[in-house]
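Derivation of every value follows stated rules applied to the coordinates shown; laboratory data play no part. Everything numeric in this text was worked out from a predicted model, so none of it was measured. Virtual Cβ from ideal backbone geometry, glycine too; neighbours counted across all protein chains shown.
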Amino acid sequence: MTFQLRHAHGVANGTRNVFSDIPQSLLAQSFGVKTKRLTTHRPASQIAFQNARINSMRHLRTELPPWDEIDVEGPDTEKRETLLTLAKMTNNAYTEPGAKNWYDLGPDWNSSYPFGWEPDSDGFRGHIFVSTDNSTVIISVKGTSAGWIVGGGGPTVRKDKLNDNLLFSCCCARVGPTWTPVCDCYSGGGNKCDQDCVEKSLTQESLFYPIGTNLYNNVTYMYPDANIWIIGHSLGGSLASLLGVTFGVPVVTFEAPGEKLAAKRLHLPSPPSTQHITHVYHTADPFPMGTCNGVTSPCAIAGYAMETRCHLGKVRKYDTVTKLGWAVDIRTHGIAVIVERLLAEDWEPPVNGTGGREVPEFSEEEDCVDCYNWEYGHFKNASFNFAGSGTCGGPL
């Protein structure tokens, strides 16, 4: 299937999705992504899905909406070139076309079209790619812009960091007594956290999950007959997975932190299967492995509470520590490392012309538990205080 970059997406005034069309004169040359048929489970209606969420949140009543089992054309993640192309597309969501760290996806791809780096740019941004026959749309979601990991940064750092610390921490980024958390849910008594409070803290309209659902609805309005895929790196990958559960569409993520706890806190109804979500990550990256935690970790020193490790869906895990001798290092987290090193060649080249694998086989995250040393309950009588402008180990 062949695609072109058609739009850049961003957020205005905190909650409103906006789009920039790429002019016809600057459209990139088409490029190919290998596909295969896969099965997804979609809510029969978003009204039923959201009603199930509301009943779960308000009444602690577990109910599942009716699901439709649908066969769709999705990315063929058995092919290294598929992952490599999608990884390049996720990388380009961090920057503007034509910048030095923009991957050239074709002879005419690089352009000088400006994208989203104005001083008031919001954190939720990315690109929209459309197949040449308009049958399939790929939404790419930008991950965390953090100069301490990959260099750069940019104006979205504050909002990115807030979402990281809400989605991937055990309790509002309270790593230690010296930290100012991002929501007032810590309840003292050791590691006690108010469950209602921490769940409500994820539902603010200016946070990324609600913005992502609005974006999806806008894209389906623009392309009502198209099949949608969602891709992303890091925070963008975790958000892609949450949206993939919500709408039942194919997802591919790269180096995404564990989002399973966030899905539970958002009360997303669990479909019969999440096999349409593929997480790609390697063992030297402490973010998806859930090992960049504790008060002395590089994440904590930079003010990030990256404490979760459990993922939805299927995993293609590259054991770069054992097989390639990579050292565990946050600098291996950047998408450029994935493009230029991890996916530069087949994972297991053939021997004497036989065998070999382009990518690792799927694996399961068995017996995965997040935040086992925390106690959650109804500890607060007063309404929670969402401290969106607070600090966490330093200014947001």
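Numbers for the structure displayed
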item	result
Peptide ranges 266-273, 210-217, 357-364 listed from the most packed, as the mean C-beta count within 10 angstrom indicates	210-217, 266-273, 357-364
Debye, to nearest 20: dipole size of the range 182-290, +1 on Lys, Arg Cβ, -1 on Asp, Glu Cβ	180 debye
Least to most buried among Tyr304, Tyr376 (fewest other Cβ within 10 Å first)	Tyr376, Tyr304
Projected area averaged over orientations for the range 304-344, convex hull of C-alpha atoms, nm²	3.9 nm²
Cross-link table Lys79/Lys200; Lys88/Lys192; Lys159/Lys264; Lys36/Lys323; Lys260/Lys380; Lys314/Lys380, entries beyond 31 Å C-alpha to C-alpha	Lys79/Lys200; Lys88/Lys192; Lys314/Lys380
Met222, Met289 arranged by Cβ crowding within 10 Å, fewest neighbours leading	Met222, Met289
Residue order, fewest to most beta carbons within 10 Å, for Asp367, Asp76, Asp184, Asp68	Asp367, Asp68, Asp76, Asp184
